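Student: Pasting in a structure now, in C-alpha cells, and then I'll have a few things to ask.
The values are calculated or read from the model by the stated rules, or taken from the named source; none is laboratory data. Because the structure is a prediction, the values reported are computed rather than measured. We place every Cβ from the backbone using ideal geometry, glycine too, and count neighbours over all the protein chains shown.
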Amino acid sequence: MAGPTTSPPSTNLILLGAGGHATVLTEILQTVGTPLLGLCAPHPPAPGLLTALPYLGDDEAVEQHALDRVRLINGLGSSAGTTARAEIFRRFHEAGYPFAEIRHPSAIISPSVRIGEGLQTLAGSLINSEARLGDNVLINSHAVVEHHCDIGNHCHVASGAVLCGDCQLGPGVHVGAGAVVKQGVRIGAGAVIAAGAVVITDVPPHTLVAGVPARIKRENLR
Amino acid sequence: MAGPTTSPPSTNLILLGAGGHATVLTEILQTVGTPLLGLCAPHPPAPGLLTALPYLGDDEAVEQHALDRVRLINGLGSSAGTTARAEIFRRFHEAGYPFAEIRHPSAIISPSVRIGEGLQTLAGSLINSEARLGDNVLINSHAVVEHHCDIGNHCHVASGAVLCGDCQLGPGVHVGAGAVVKQGVRIGAGAVIAAGAVVITDVPPHTLVAGVPARIKRENLR
Amino acid sequence: MAGPTTSPPSTNLILLGAGGHATVLTEILQTVGTPLLGLCAPHPPAPGLLTALPYLGDDEAVEQHALDRVRLINGLGSSAGTTARAEIFRRFHEAGYPFAEIRHPSAIISPSVRIGEGLQTLAGSLINSEARLGDNVLINSHAVVEHHCDIGNHCHVASGAVLCGDCQLGPGVHVGAGAVVKQGVRIGAGAVIAAGAVVITDVPPHTLVAGVPARIKRENLR
C-alpha cells in the first residue's frame, strides 16, 4: 500500500492526456505528494484541476526530454476499447521511455502479485494472491482482480468490475464497469466486455460481449 | 477521510428516523466518537442499537430546539424512491435547521469534489475527482461516484452501485444497489434505477428502468 | 479491524486445503504476521506461496494434534455450492476442533454484528450494523452484507456480491460473485445464486437462480 514507485526519485513525471482519467491520476499524485513536471496532450486541458499543471505541448513535446530524466504516465482512459491507451504506451515504450506506476493509497495489492510496467491501481481496487499483470494495465476504482488471474498487457478493468479467481485475459482486453467474469474464464486478445456483463464462458479474441449471461454482440473488432 | 463535520462542535445532533439506515448512521457516529442528543421518529425504535438513544418524540419534537443549537441527521433510507428522504429534508431545511454531514472513516472523497449540505457517505464509498453533489445526497456502502459526475439534491446511490465518469443525475434520483450507469449518461429528476440495472442510455425524468441493458418499466412516477 | 482472533495465542493454526482460497488465506495470515503450523490436503500444493508451508498430510493428519493445541482454518472455497466447505467444517467441528477467525485488515465489521465460529472476511469486505452470521461463513473480497442481514451457517458470499439490508440466508447458501440481493429477500437453505444474478423475490431452498431478475434454473439441488 505504498505510494507510487519513484526510482530514481529525481526523474520528472510527465502526464500524457488531459481528460477525466488524467484528472484522477493527477489528484492521486497530489494526494501522495508527488509533483508532476506537466502534461502533454493534443490540446490544453479544460478548466479544472489539470489547468494547474504546466501544459508542455502535444505528444511530440515528450521527446525534448532525455530518456533517463523523465518517466511517463498514461493518462488515457478507455470506455469501449483499449486501442488508444495501448498505442501511446507502445510508441513511447519502444522509444525507450519508462512508464511510472500509480497506486492509490487505498489500493490493495497482495505481496505475491507480479506486475508489469506502468501499472495503475485506483482507489479501493484489489489485486489478490499470485495474480500476474502485464505492462500498461489499468485496474480502475473498486475493481477486483482475484487470486491467480493472468492479465495481459494494456488491459483495462473498469470501475467496480470483478474478475474471479484464475481468469485469463489476453492483451488489450477492456472489462467494462461492474462486469463480472466467472472463475477460470479465458478472454481473448482485444475483446471488449460491456459494462455490467456477466461472463460465464470463454470469449474469443476481438469480440464484444454483453448481457447476463454475456453473449457475442460483435466480432472482428479491430 | 475525516470524521463527520461538526461546526460549531457545541451543537447537538438529532437523528430523524428509527429504521435500518438510522441504525447504520448511529453506529458510524459511535465509531468516530460523536454523541447524539437523541432521535425523533413516529414511534420509538425496535430493540437494538437505537434503543440506547434517548427517544425525543415524533418529528414535532425537533421544533423544541433552537435552530442554532442543533443539527439534524436524515436517518431515512430509500429502497425504491427518494420521496420520504427528500420531504423530511425540505421541511426542516426550509424551517432553517442545518443538516450535518456523516462520513464513514473508510469513505474516500477526492479533495476536488464539491458537496452540498447533509452529505452521507457510507463505509467503503468513493467520490472521485471533480464530482459535484447537491444537498441531502446519500452515497451508500461501497458505492462509486466517478470523476466529473453531477449529482442533484436528494439522490441516493445505493450499496455497491457504480456511476461511471461524467454521469448527470437530476434531483431525487434513486440508483438501486449494484446498478451500473455508463460514462456520460444523464438521468432525469425523480427517476428510479432498479437494483442491478445497467444503464447505457439516458433516462427520462420520473421513469423506472430495470434490467441489462436497462429498459423503461414504468413512467410518470410521482 | 483487528487481525485474526488468536485465543489462546499459543495454539497452532492448521490450514485445510491447498487451492486458490487457501492461498489467499495464507497470504492474509502472512500479512498480519500470524504463523501457520502447516496445511492438510489430499495432495501437496502446486508450486507457489503454499509450498513454503509444511505439508502435514491429508485430513487424517489433523487428528495427530490434540483438540486444545490447534485451531483449524477452512481453506476450501466454493464457486457453485458450499457442500465441500460445509462437510469439512462439520467433520472437525463435531470432533471438537475449533476453527479460527480470519479477518483481512481492510475488512470492516460493525461492532454490533454477531458472528459465529470460523468467520472469514476477505479484503475490502463489509458487514454492516446488527447483522448476524452463523458458523463457517465466508464473506469474500469486496462483498457487502448490509445491516440486519441474517446469514446461516456455511454460507459463502462471493467476491463483490451485495446483500441489501434485512436479507435472510438459510444455511449453506452460495451467493455468486457480483450478485445483488434486494432488501428483505429470503433465500432458502442450500440455494445457489449464480454470479451476477439480481434477486428481487424469495428463493426456495436447494434452488439455483440466475439472471436479471433472477429466475429459477434448477430445483432439488443436493
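Student: Restricting to region A:11-41, name every residue that is at positive phi, more than 18 Å from the chain's Cα centre (by Cα) and modelled with pLDDT of 95 or more.
Tutor: A:G38
Student: Same structure, new question: If you check A:R132 against the conditions, is it within 13 Å of chain C (Cβ to nearest Cβ) and under 14 Å from A:L169 (Cα atoms)?
Tutor: In short, yes.
Student: Now for a separate question. Consider only pairs whose beta carbons are under 9 Å apart and that are at least six residues apart or on different chains; among these, list those whose first residue lies in region A:39-54 and is without any contact (Cβ under 8 Å) to a residue 24 or more places away in the chain and whose second residue is surrounded by fewer than 19 Cβ atoms within 10 Å (Cβ to Cβ) and assigned to a strand (DSSP E or B).
Tutor: Final answer for the pair search is A:P54/A:G38.
Student: Can I ask one more? Could you check region A:99-108 and list, in sequence order, the residues that are touching a residue at least 40 places away in the same chain (Cβ under 8 Å) and not small (G, A, S)?
Tutor: Within region A:99-108, A:E101, A:I102, A:R103, A:H104, A:P105, A:I108 qualify.
Student: Against the conditions (1) surrounded by fewer than 23 Cβ atoms within 10 Å (Cβ to Cβ); (2) of a type outside the set (K, R); (3) in contact with an Asp or Glu (Cβ under 6 Å, 6 or more places away or on another chain), where does C:S78 fall short? Just the number, please.
Tutor: Unmet condition: (3).
Student: Turning to a different aspect of this structure: I'd like to verify a number: residues in region A:131-147 that are surrounded by 24 or more Cβ atoms within 10 Å (Cβ to Cβ) and in contact with a helix residue (DSSP H, G or I) (Cβ under 9 Å, 6 or more places away or on another chain), how many?
Tutor: Residues that pass the stated criteria total 6.
Student: Quick check on region B:111-122. Is at least one of its residues hydrophobic (A, V, I, L, M, F, W, C) and under 21 Å from B:T26 (Cα atoms)?
Tutor: Checking region B:111-122: at least one residue is hydrophobic (A, V, I, L, M, F, W, C) and under 21 Å from B:T26 (Cα atoms).
Student: Within the bounds of region C:14-32, is there any residue that is surrounded by 14 or more Cβ atoms within 10 Å (Cβ to Cβ) and within 30 Å of B:P47 (Cα to Cα)?
Tutor: No, every residue in region C:14-32 fails to be surrounded by 14 or more Cβ atoms within 10 Å (Cβ to Cβ) and within 30 Å of B:P47 (Cα to Cα).
Student: Right, something else. How about region A:98-146: which of its residues are polar (S, T, N, Q) and within 22 Å of B:G178 (Cβ to Cβ)?
Tutor: Result: A:S106, A:S125, A:N128, A:N140, A:S141.
Student: Quick one: how many residues across region B:85-110 are away from chain C (no Cβ under 14 Å), among the β-branched types (V, I, T) and more than 13 Å from the chain's Cα centre (by Cα)?
Tutor: Qualifying residue count for the region: 1.
Student: Here's a follow-up. Looking at region B:49-70 only, could you name the residues that are closer than 27 Å to C:I109 by Cα and crowded, with 16+ Cβ neighbours inside 10 Å?
Tutor: Residues satisfying the conditions are B:L49, B:L50, B:L53, B:Y55.
Student: Does B:S79 meet the test of being touching a Cys at 6+ places or on another chain (Cβ under 9 Å), under 25 Å from B:P171 (Cβ atoms) and among the small types (G, A, S)?
Tutor: When the stated conditions are applied, B:S79 passes them.
Student: Residues in region B:113-127 that are touching a helix residue (DSSP H, G or I) at 6+ places or on another chain (Cβ under 9 Å) and closer than 15 Å to C:S125 by Cα: how many?
Tutor: 2
Student: Out of the residues in region B:145-175 meeting the condition of being touching a residue at least 40 places away in the same chain (Cβ under 8 Å) and within 13 Å of another protein chain (Cβ to nearest Cβ), tell me which one is farthest from B:D135 (Cα to Cα).
Tutor: B:A158
Student: Would you confirm, using the coordinates I've provided, whether A:G124 is touching a residue at least 60 places away in the same chain (Cβ under 8 Å), in a loop (DSSP other than H, G, I, E, B) and crowded, with 24+ Cβ neighbours inside 10 Å?
Tutor: For A:G124, the condition - touching a residue at least 60 places away in the same chain (Cβ under 8 Å), in a loop (DSSP other than H, G, I, E, B) and crowded, with 24+ Cβ neighbours inside 10 Å - is not met.
Student: Residue by residue through region A:176-212, note down the ones that are outside any loop (DSSP other than H, G, I, E, B) and either farther than 23 Å from B:G160 by Cβ or more than 9 Å from chain B (Cβ to nearest Cβ) (or both).
Tutor: Those that are outside any loop (DSSP other than H, G, I, E, B) and either farther than 23 Å from B:G160 by Cβ or more than 9 Å from chain B (Cβ to nearest Cβ) (or both): A:V180, A:V181, A:R186, A:I187, A:V192, A:I193, A:V199, A:V203, A:L208, A:V209.
Student: Sticking with this structure for a sec: Among C:H154, C:H147, which is the only one that is of a type outside the set (A, V, I, L, M) and either in contact with a Leu (Cβ under 9 Å, 6 or more places away or on another chain) or not in a loop (DSSP other than H, G, I, E, B) (or both)?
Tutor: Just a single option satisfies the conditions, and that option is C:H154.
Student: Let me ask you something else. Just one of (1) within 14 Å of chain C (Cβ to nearest Cβ); (2) touching a Pro at 6+ places or on another chain (Cβ under 7 Å) trips up B:A123, so point out which.
Tutor: Result: B:A123 passes all but (2).
Student: Let me ask you something else. Assess whether A:I127 counts as being within 23 Å of B:G160 (Cβ to Cβ), at pLDDT 95 or above and aliphatic (A, V, I, L, M).
Tutor: yes
Student: Looking only at strands (runs of 3 or more DSSP E) that fall completely inside region B:6-84, which ones have 2 or more residues that are in contact with a Lys or Arg (Cβ under 7 Å, 6 or more places away or on another chain) and away from chain C (no Cβ under 14 Å)?
Tutor: Result: B:12-16.
Student: Here are the criteria: (1) touching a Pro at 6+ places or on another chain (Cβ under 8 Å); (2) within 18 Å of C:V199 (Cα to Cα). Tell me which single one B:A191 does not satisfy.
Tutor: The number of the failed condition is (2).
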